[in-house]
Amino acid sequence: MLLVQKTPILVDLEKCTGTGECVTVCNYEDAILVKDVEVNGQILKRAVVTPANCTGCGCCVSACPNQAVEVQGWTIPQYDAMLDALAMDLGEMMEVEK
Ligand code: SF4
Ligand code: SF4
């Protein structure tokens, strides 16, 4: 596993295939872009995070079809569980408001 730490966000360059969903969902200009990156001696399209522009919001984590992005300190199952818990809380709040 080849992990590159830029910010709290980690991109696994061996799982990333340059599909770009992470770029599409990111609301922060140039926080994550697909660029030419050298991986094991080959130049390939890979997601690259710009630390100064990334807030660590984690939207790119759930958007990635290859589970190539991680928030530092969280495993993807932990992150998914956190999102599920937030969704349940939101659902309960909307029920209360009815
Ligand atoms: S969505 Fe995932 S696989 Fe696609 S470019 Fe971003 S990190 Fe790479
Ligand atoms: S963590 Fe948020 S701000 Fe940073 S690259 Fe991913 S979607 Fe963009």
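One table, with the values for the structure above:
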read-out: Residues located in the range 56-76, provided they are at positive phi and touching a helix residue (DSSP H, G or I) at 6+ places or on another chain (Cβ under 9 Å); value: Gly58, Gln67
read-out: Residue list for the range 19-55, restricted to those being out of contact with any helix residue (DSSP H, G or I) (no Cβ under 7 Å at 6 or more places or on another chain), within 13 Å of Val69 (Cα to Cα) and β-branched (Val, Ile, Thr); value: Thr19, Val23, Val48, Val49
read-out: Test: residue in the range 83-95 that is in contact (Cβ under 8 Å) with a residue 12 or more places away in the chain and part of a loop (DSSP other than H, G, I, E, B); value: no
read-out: Hits in the range 60-79 - residues which are at pLDDT 90 or above and over 12 Å from Asp12 (Cβ atoms); value: Cys60, Ala63, Pro65
read-out: Hits in the range 27-47 (condition: more than 9 Å from ligand 1 (Cβ to nearest atom), surrounded by 12 or more Cβ atoms within 10 Å (Cβ to Cβ) and β-branched (Val, Ile, Thr)); value: Val37, Val39
read-out: Considering residues of the range 20-59 that are within 20 Å of Ala87 (Cβ to Cβ) and modelled with pLDDT of 95 or more only, the residue farthest from ligand 2 (Cβ to nearest atom); value: Glu21
read-out: Cross-chain or 6+ apart pairs with Cβ under 6 Å, the range 34-51 first and assigned to a strand (DSSP E or B), then among the basic types (Lys, Arg); value: Val34/Lys45; Val37/Arg46; Val48/Lys35; Val49/Lys6
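The values are calculated or read from the model by the stated rules, or taken from the named source; none is laboratory data. These numbers were taken from a predicted model, which means no experiment stands behind them. Cβ sites come from the backbone with ideal geometry, for glycine too, and all protein chains shown count toward neighbours.
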